[in-house]
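Notes for the one structure printed next.
Nothing in this text is a laboratory measurement; each read-out follows from the coordinates by a stated rule. All values derive from a computational prediction rather than experimental measurement. Methodologically, a virtual Cβ is constructed for each residue, glycine included, from the backbone with ideal geometry; neighbour enumeration extends over all protein chains shown.
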Amino acid sequence: MKMGEDVRGAHSEGPQKLVLCVLCGLPAAGKSTFARALRHQLQQELGWAVGVVAYDDVMPEAVLEKASGAGPRPEFRSPSQWKLLRQELLKYLEHFLLAVINGCQMSAPASRTEAMWKDFITCLKDQDLIPSAPVEAQSLYPLTKTAVSRPLLLILDDNFYYQSMRYEIYQLARKYSLGFCQLFLDCALETCLQRNAERPRPLPAETIHQMGNKIEKPNPEKNAWEHHSLAIQSPACASEARLKLTDLLITALENPIKYVEENLEQKETDRLICSTNILHQADQTLRRIVSQTMKEAKDEQMLPHNLKLLAEELNKLKAEFLEDLRQGNKKYLCFQQTIDVSDVISFFHYEKDNIVRKYFSKQH
């Protein structure tokens, strides 16, 4: 397959190219080792940005045990809690993807498991996708040049033993018209059991047997959405398999999933998430303006009754501005690349001054 310059590295003019890659297989099949090698290969040979999100690292046992009250590997003891945590991690991924797609800062979800969110942020920092500078109580995260200047492959490393688990990733890719593919590490059960026994903290052999019985391998012939899938024999990856793998990834990159269904409600949700950074800046600034204005009114000895009415009007004005910002109703709130919060602030000052003059005229 012939590769264009934009595929090889330098980011072409146009929307950011993104691929979600599901890496699945039994425990101890060699997924994490394979993901690290693939990341190095793609960075060196194609110049891509590659991020590996290993579920075991982002959802460590301490988080899982706390959430479920279970012992080691509670996904088999508390499936409902495990599913909720997986869905929460998907929401984290969505926030990151939206920031990359729209070229804005990544916002922290309002509702999150702090330990898991911290590990997710650490994962992105360690791979130079967001800056590593520590910021206490940070709610907005800028992206690095690495994340936005070249094709980006996100490898999601987990067992994904049920088809439904992988389909959730496919739906996320379809939602934003991203590339999607699946890599299944086909490792013999006996080999996985042997490797697992050699680990410092092995899983119960019964757990791996159970997963071996449950696992639903990608089936491109049956499911059209699994068309871009490749089974790889572990641990070795022959040169022919490497060529197939590279071809699969490039094909996924160049052929994002087309999502033609109109979903206005979802578009509204996406816009709100992307505009969180603007809302945050505006909210903080408008709060300071209202507070300073009330202080000045008190210093000018405005009557208590008028002070109360002024505070009510200013807070109402602030709420209206923030709602307009959320809804994009005003001309200057059109959520384009050129949006400037200073325009919002300037207009707020204008409206605020009109209200203040009205109350000061009542004083005389």
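Key figures
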| quantity | calculated |
| --- | --- |
| Cut-off under 5 Å, modelled amide H: who pairs with V52 long-range | I155 |
| Pairs from K91/K258; K145/K258; K175/K244; K31/K125; K125/K316; K31/K222 whose Cα-Cα separation, in the structure shown, is over 29 Å | K125/K316 |
| Amide H contacts of D186 (H built 1.01 Å from N, under 5 Å, at least 5 apart or other chain) | I232, Q233, S234 |
| Listed peptides 156-162, 353-359, 167-173, 35-41 by packing density, highest first (mean Cβ within 10 Å) | 156-162, 167-173, 35-41, 353-359 |
| GluC sites (Glu not before Pro) within the stretch 184-236: DSSP coil, no more than 15 neighbouring Cβ in 10 Å | E198, E216, E221 |
| Per-residue ³J(HN,Hα) for the stretch 288-299, Karplus 6.51 cos²θ - 1.76 cosθ + 1.60, θ = phi - 60°, Hz, x for Gly and Pro | 5, 5, 4, 4, 5, 5, 5, 5, 5, 5, 5, 4 |
| In the stretch 135-224, the trypsin sites (Lys or Arg not before Pro) that fall in loop regions by DSSP, at most 15 other Cβ within 10 Å | K222 |
| Spatial separation of Cα centroids for the stretch 303-325 and the stretch 20-53, in angstrom | 53 |
| Residues with amide H under 5 Å from that of Y162, placed H, sequence gap 5 or more | E216 |
